[in-house]
Amino acid sequence: MDDISDTIHEVQDSSSLSEAQYEIPAIENEWPHFREGSRFESAVVAVSDHVQVAYEMAVSVALGAMATACQGLVDVEYSNGHRVPTSLMMLVAARSGERKTALEGWFFGPIRELQREKEADFKCLQRVYAREAKTWEEKEKVLRKMVIKAFQEGQTTEALEERLAEHDKTKPIPPTDYRLIYENTTPSALTYGLHTNIPIACLLSSEAGSLFSGKAFEDLYLFNALWSGSSISDARRTSESFILDDARLTSALMIQPDIIQRFLDKRGDDAHGSGFLARFLIAYPTPMVGHRDEIPAEISDADIAPFQERLRELLLESLDTLDNQRPRRVLTFTASAKKLWKKLYRRIEQEILPDQLYYHAEGHASKLMDNISRIAGVLHTFEGDSGGIDTDTLKYAYRLGRHYSRHYLDHIAGEPEIVTLGNRLVQDIRKFAVYNNDQYRFVISDIKQRTHPKLRKKDKMKAAITLLKRLGHLQEQSHGKQLVFKDTVLGSREPELKNGEVYYLEELPRFEEQELIPGRGVIQPRYELESPLNNDWG
């Protein structure tokens, strides 16, 4: 019986472990770490400690370099057969003094070094090509003169024309410029470069202000198409038109926050409406300027060399794949990871519903699982994992993707209109309503006559009032049209919506900052309740 009992417990434990792998991972406040000892994690920890930058800043730059190396080798396939590239669009917003250039050097150094080697080879091959092309052109001139002379003398030109046709077959082919990095460019120059050189590259800058304020992002839809791996038709008036097909471009950009804000102020509507910004993985890392009180840690070759060597290895393999016209490999998820992927997808879809996290950022949410899958594919390839993408890699990619998503919502998405209206209404209530006994009393008509023009519209006013009611700060009186507003939640019951969760009105205290007074049924800000002798209010 003991053996049977032990077996039953083992089966139950195995079942619990099996089910655990399908659980949606919790998103914690700290940025997630990848598995210890991996090329990626070892390099990120070592470089962030050495350069003294935030961990998430190093993660973002490292991912950009890894995607550059992997995008020409692999695509990721969903369970329904849909395939996506492994290109990423990374954007780090960090102020001057955050050592952006030094950080880029550690992770993109091997890519720049390989490009310098290829440029040197290209220059040598270009000289050989120029010499051979000149010789070929001179021979062609001689043959054409012979054809003309024979024709003028009434002789047959058939044999000469055959020689000319054979000569055409020997026309020298210009060498390939293996350009991997584009920096200060334009949409036209970028597409032409990807067409004439190689169709895999990285748009790289540690100070991307000139890209966002200049001509580089004139055509936002071009970058959307490159991110998706779509074909791009380039019709030109002064040179030959072409179709850029199946190209791969990773963007690894660092920029100062005030510059990206100016871009949002100037072109935010276009950038959001086109889905351009929704495709970026965005980080506003913790500032380190003024907080570096230790001598930089030494960096060990054992930590950074495997990362840098792997970058070079994958890039050389990518170039060889292009030269030999081999197709990219297709990565799939393991059976368990497919099941988890569907759960993660459904979770994000549910968060697009009204009053949920992504209700006002649907475009961003629709790209999130795509980006998570790409991150998983890049990690799987870079670490040299065999088989399909497993649940552990997918879970990490999900946690990481949700952190980037949080930064997008906090810094890029912009304040939802309903929040702007709600804040405006709170300001007007305080200004125009009758204040008595910690409460404001008013009728809507009193506010509408003097409020902002937007709030005078019936539907806008109704939406703002409804939001304040659902947040628990506004109630209708049982008689008449009078409304009652309070800076803290009215009554003692939890409101339908909690300020600071789905919506945050900065004019009101966060729900978590308020506390019910036992026996009195009144919610007040925690700071008003704190005793000089006891500040622990749970």
(message) On a straight-distance basis, which aspartates and glutamates could pair with Lys145 in a cross-link, Cα separation under 13 angstrom, same-chain partners fewer than 8 positions away excluded?
(response) Glu137, Glu153, Glu161
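For the chain, which whole percent of the accessible surface, found with a 1.4 angstrom probe, sits on carbon and sulfur atoms? Spell out each step's value before the answer.
On the way: 13390 of 28560 Å².
C and S atoms contribute 47 percent here.
Would you mind calculating the gained length between Ser239 and Arg127 on full extension (0.36 nm times residue separation, minus the Cα-Cα distance), in nm to one decimal? Please list the in-between numbers first.
Working: separation 112, 0.36 × 112 = 40.32 nm, distance 2.43 nm.
Gain in length upon complete extension: 37.9 nm.
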(request) In nm, give the distance between the simple-model label positions of Leu164 and Arg262, each being 7 Å from the Cα along the Cα-to-Cβ direction. (result) 5.9
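Could you list the square roots of 5 times each eigenvalue of the Cα gyration tensor of segment 37-80, that is, the equivalent ellipsoid semi-axes, sorted largest first and rounded to whole Å?
26, 10, 10
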(request) Work out the charge dipole of segment 256-300 with +1 on the Cβ of Lys and Arg and -1 on the Cβ of Asp and Glu about the Cα centre, then indicate which of Ser274, Val289, Ser300 is farthest towards its positive end. (result) Ser274
(request) Could I get the Rg over Rh figure for segment 279-366? Both from C-alpha atoms, Rh via Kirkwood, rounded to two places. (result) 1.13
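Rounded to the nearest whole Å², what accessible area per residue is found for the chain with the 1.4 Å probe?
Details: 28560 Å² over 538 residues.
Heavy-atom accessible area per residue stands at 53 Å².
Calculate the all-directions average of the projected area of segment 334-416's alpha-carbon convex hull, and give it in nm². Walk me through the intermediate numbers first.
Details: hull surface 21.5 nm².
Spelled out: convex hull of the Cα atoms, projected over all directions, averaged, 5.4 nm².
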(message) Using a 7 Å offset from the Cα along the Cα-to-Cβ direction at both Ala120 and Glu23, what is the distance between the two label points in nm, to one decimal?
(response) 5.4
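Could you compute the FRET efficiency for Gln350 and Lys462, with r as their C-beta to C-beta distance and R0 at 30 Å, rounded to 0.05?
Numbers: r = 26 Å, r/R0 = 0.88.
Once rounded, the FRET efficiency stands at 0.70.
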(request) Assuming R0 = 51 Å, can you tell me the calculated FRET efficiency for the pair Val330 and Ile148, based on Cβ-Cβ distance, to the nearest 0.05? (result) 0.40
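Tell me the relative contact order for the chain as a rounded percent, counting alpha carbon contacts under 8 Å between residues six or more apart. Before the final figure, lay out the partial values.
Details: 748 pairs, mean separation 98.5, N = 538.
Relative contact order of the chain: 18 percent.
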(request) Measure off 7 Å from each Cα along the Cα-to-Cβ vector at Glu309 and His33, then give the distance between these two points in nanometres to one decimal. (result) 2.4
(request) With no solvent and one equal point scatterer placed on each C-alpha of the chain, evaluate the Debye formula and give log10 I(q)/I(0) for q = 0.05, 0.06, 0.07 Å⁻¹, two decimals. (result) -0.31, -0.43, -0.56
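Given a Förster distance of 56 Å, report the FRET efficiency between Phe432 and Arg83 from their Cβ-Cβ distance, rounded to the nearest 0.05.
Numbers: r = 58 Å, r/R0 = 1.04.
Calculated transfer efficiency: 0.45.
Per 0.36 nm of contour for each residue apart, how much would the distance between Ser210 and Glu417 grow if the chain were fully extended, relative to their Cα-Cα spacing?
Details: separation 207, 0.36 × 207 = 74.52 nm, distance 3.04 nm.
So the extension gain works out to 71.5 nm.
Only helical DSSP H runs with n ≥ 4 go in: add -39500 (n - 2.57) per run for the chain, normalise by residue count and round the 222 nm mean residue ellipticity to 500 deg cm²/dmol. Could the numbers behind the result be given before it?
Details: 17 runs with 269 residues, N = 538.
Helices in the chain give a 222 nm mean residue ellipticity of -16500 deg cm²/dmol.
Can you list the GluC sites (Glu not before Pro) in segment 262-347 that are in a DSSP coil and have 10 or fewer other beta carbons within 10 angstrom? List each step's numbers first, then the result.
Working: sites: Glu294, Glu298, Glu309, Glu313, Glu317; in loops: Glu294, Glu298.
Filter output for segment 262-347: Glu294, Glu298.
Taking only the C-alpha atoms, wrap a convex hull around segment 265-420 and report its volume per residue in Å³ as a whole number. Could you put the intermediate results ahead of the total?
Working: hull volume 29.7 nm³, N = 156.
Expressed per residue, the convex hull around the Cα atoms of segment 265-420 is 190 Å³.
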(message) Once each part is reduced to its C-alpha centroid, what is the distance from segment 376-441 to segment 177-255 in angstrom?
(response) 30
(message) Just to be sure I understand: of the beta bridges DSSP finds with both ends in the chain, what percent are antiparallel, rounded to 5?
(response) 50
(message) I'd like the accessible area for Ser492, computed on protein heavy atoms only with a 1.4 Å probe and all protein chains in place. Round to 10 Å², please.
(response) 60
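With Kirkwood's inverse mean 1/r over C-alpha pairs for Rh, give me the Rg to Rh ratio of segment 66-179, two decimals please. Walk me through the intermediate numbers first.
On the way: Rg = 25.7 Å, Rh = 19.8 Å.
Rounded to two decimals, Rg/Rh equals 1.30.
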(message) Greater than 22 Å separation of Cα atoms is the criterion. Which listed pairs, Lys339/Lys498; Lys395/Lys498; Lys139/Lys171; Lys431/Lys486; Lys342/Lys367; Lys457/Lys486, meet it?
(response) Lys339/Lys498; Lys395/Lys498; Lys457/Lys486
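Suppose the chain between Ala189 and Ala302 were pulled fully straight at 0.36 nm per residue; how much longer would it get relative to their current alpha carbon spacing?
Details: separation 113, 0.36 × 113 = 40.68 nm, distance 3.94 nm.
Contour length minus Cα-Cα distance gives 36.7 nm.
Loop-only GluC sites (Glu not before Pro) in segment 481-515, please: DSSP not H, G, I, E or B, and at most 11 other Cβ atoms within 10 Å. Kindly include the intermediate steps, with their values, before the conclusion.
Working: sites: Glu496, Glu501, Glu506, Glu507, Glu512, Glu513, Glu515; in loops: Glu496, Glu501, Glu506, Glu507.
Of the GluC sites (Glu not before Pro), the ones in loops of segment 481-515 whose Cβ has at most 11 other Cβ atoms within 10 Å are Glu496.
Would you please name the GluC sites (Glu not before Pro) within segment 153-255 that are DSSP coil residues with at most 16 other C-beta atoms within 10 Å of their C-beta?
Numbers: sites: Glu153, Glu158, Glu161, Glu162, Glu166, Glu183, Glu207, Glu218, Glu240; in loops: Glu153, Glu183, Glu207, Glu218, Glu240.
Within segment 153-255, the qualifying GluC sites (Glu not before Pro) (loop, at most 16 other Cβ atoms within 10 Å) are Glu153, Glu183, Glu207, Glu218, Glu240.
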(request) Taking the dipole about the Cα centre of the chain, with the C-beta of Lys and Arg at +1 and of Asp and Glu at -1, give me whichever of Leu316, Leu353, Ala337 is farthest to the positive side. (result) Leu353
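Let me spell out the model: positive unit charges on the Cβ of Lys and Arg, negative unit charges on the Cβ of Asp and Glu, origin at the Cα centre of the chain. What dipole size does that give, in debye rounded to 20? Walk me through the intermediate numbers first.
Values: 69 positive and 83 negative charges, 559 e Å.
Taking the Cα centre of the chain as origin, the dipole is about 2680 debye.
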(request) Compute the normalised compactness of segment 155-238: alpha-carbon radius of gyration over 2.2 N^0.38 Å, N being the residue count. (result) 1.67
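The values are calculated or read from the model by the stated rules, or taken from the named source; none is laboratory data. Every value quoted in this text rests on a predicted model; they were computed, and no experiment measured them. Counting neighbours? That spans all protein chains shown, and the Cβs are built from the backbone with ideal geometry, glycine included. Note: accessible area is taken over every heavy atom of the protein model, side chains too, but ligands, DNA and RNA are not part of it. Shrake-Rupley method; radii C 1.70, N 1.55, O 1.52, S 1.80 Å.
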